[in-house]
Each structure stands twice: as C-alpha cells, then as structure tokens.
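Following: one structure in structure tokens, then a few remarks.
The values are calculated or read from the model by the stated rules, or taken from the named source; none is laboratory data. Computed from a predicted model, the values in this text were never measured in an experiment. Here the Cβ positions follow ideal geometry from the backbone for every residue, glycine too, while neighbour counts run over all protein chains shown.
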Amino acid sequence: MVEVVLNAEVRENVGKHAKYSRGQGMIPGVFYRRGEKNLNIQVAKPSLDQIVFTAEMHIIDLHLSDGTTRKCILKDVQFDPLSDRPVHFDLLGLHENEKLTIEIPVALTGGAPRGIKDGGLLQHSVHRLKISCLPKDIPEKIEVNVADLGVNDFLHVRDLNIPNVTILENADSPVVGVIPPTIVKEPAPGEVAPAEPTEPEVVGKGKKLEEGEGEAEPPSKEQAKGSKEQSKS
C-alpha cells in the first residue's frame, strides 16, 4: 500500500478555537491510538483533501510540528452539510502487530460486463466492505472483475478472496451483478383493453315504479264507490 505524508500542527487550544482554525484554512482533527492520550491537531485543507477525496485507502505517515511521526489511517471525516467542506477528521493510530477493523472501497474492473451487451443492467450493491487485518495487509481497494458476468449473474461476498484479510460481511450478500431489463407490456395495435364490468342498477325496496312498469296501483275508495253507483244505474 502507498503511504501518504501528512504534515500537521499540534493544537493546544480546542473548542471555539476550531472555528478560528477553519477561517485560517486549517481543518481541526484528532489523532488517537489505544493506550495513548488523544492528540488534537490541525491540517491545511489542501493536504487533507488528498486523503479525503479519493477512492483508495492509504496508510498515513503523520509528521507533527513537534518533530514526531505516527502511522495512522483516516477513520472518520465530518462535512459541512451545505458546502461539503471537511470540518473535522479523526486519525486512527496503528500498532504494527495488532489487527484493526476498517472499511475498504470496492472497485469494479474488467470493463462492461458481458450481460450489459445482452441488454442487462449493472447493479452495484456494495461500495465498501468491512474487513479485519494487520496494518501491513490493508488493501488500497478491493477489485472485483465483472467482465464475465452475464444476465442474472452475481458476485457475492463469499466469492471474494483477499490474501490475509477477513471480510466481516454476510457471505451471501451480493456485491455486484447484472439484472435483466424491466419490460413494460403494451397493448398490441388495435387491441382494446377490456372495459371494467359495471354493476346493474338495483331497484331498492319501496322504490316507486315508473309509469307503465310493473303492476298498477289499486283504486282509491272514492273511485271504487263511483264505479258501484254507475253499475246500479
């Protein structure tokens, strides 16, 4: 793994002074290592950018203003939510013979998969993998060759083999694969989609029938009396 030299100043003042440091183009941070006291530092923004905005993991050779050096890795970065500018960072000191747990970026190699040429779509599910290893075995990135992937082919965590590294992820998790395209079936020319059935109108109980429908209403008492008188005459 390539080592990157990072020059840093030891920070005596913390808290509100961090805002002043940022105004001077410096980014405040902290260096910590098991068994040692945390060390407050600050780094020039251009120097920090080279290890923050990269797709690879680096061992950092930290050179401090007091003349001492440390071996470490970038553990965490906090960003301003509006400008995406780094506002704070954490460096984790390394012990040569002590394993550490870190996340390593996944890089796809081999060009366009075979399945893409057959109309498939590339699905890259895992962009970083959590691993455990000694500092000397930290990979810059985990390369995954996708050239031979056809449609419905996937590479899982269990398919990856990295020397001297233990992957701390679910072995069945898919890392990358080629999925078939989504096809929306359209009606053929001239084909009419079947209309939704409509419910017949139901005549409710007690509904008055229209004229000429059903049975006639019985005559009233007056009508019946008049009919009887006419028959007598």
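Listed here are the residues, each with its yes/no results for (1) closer than 18 Å to residue 170 by Cα; (2) without any contact (Cβ under 8 Å) to a residue 40 or more places away in the chain.
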site	(1), (2)
110	no, yes
119	no, no
126	yes, no
129	yes, no
138	no, no
142	yes, yes
145	no, yes
How many residues does the range 108-120 contain that are surrounded by 14 or more Cβ atoms within 10 Å (Cβ to Cβ) and outside any loop (DSSP other than H, G, I, E, B)?
4
Keeping to the range 119-148, report how many residues are in contact with a Gly (Cβ under 7 Å, 6 or more places away or on another chain) and under 21 Å from residue 183 (Cα atoms).
1
In the range 144-174, what residues are closer than 21 Å to residue 97 by Cβ and either at pLDDT below 95 or of a type in the set (S, T, N, Q) (or both)?
162, 163, 164, 166
How many of the residues making up the range 154-169 are in a loop (DSSP other than H, G, I, E, B) and over 21 Å from the mean Cα position of the chain (by Cα)?
6
Counting just the residues of the range 53-89 that are without any contact (Cβ under 8 Å) to a residue 40 or more places away in the chain and surrounded by 16 or more Cβ atoms within 10 Å (Cβ to Cβ), which one comes out nearest to residue 39 (Cα to Cα)?
70
Criterion violated by residue 10 - all others in (1) surrounded by fewer than 16 Cβ atoms within 10 Å (Cβ to Cβ); (2) in contact (Cβ under 8 Å) with a residue 24 or more places away in the chain; (3) under 23 Å from residue 165 (Cα atoms) satisfied
(3)
Of the numbered conditions (1) exposed (fewer than 11 other Cβ atoms within 10 Å of the Cβ); (2) touching a residue at least 60 places away in the same chain (Cβ under 8 Å); (3) not small (Gly, Ala, Ser), residue 27 fails exactly one; give the number of that condition.
(1)
Report yes if some residue within the range 134-144 is part of a strand (DSSP E or B) and in contact with a helix residue (DSSP H, G or I) (Cβ under 9 Å, 6 or more places away or on another chain); otherwise report no.
yes
Looking at 141, 207, 185, which one is of a type outside the set (Phe, Trp, Tyr) and either more than 30 Å from residue 121 (Cβ to Cβ) or at pLDDT below 55 (or both)?
207
Looking at (1) assigned to a strand (DSSP E or B); (2) of a type in the set (Asp, Glu); (3) closer than 26 Å to residue 168 by Cβ, can you tell me which one residue 98 breaks?
(1)
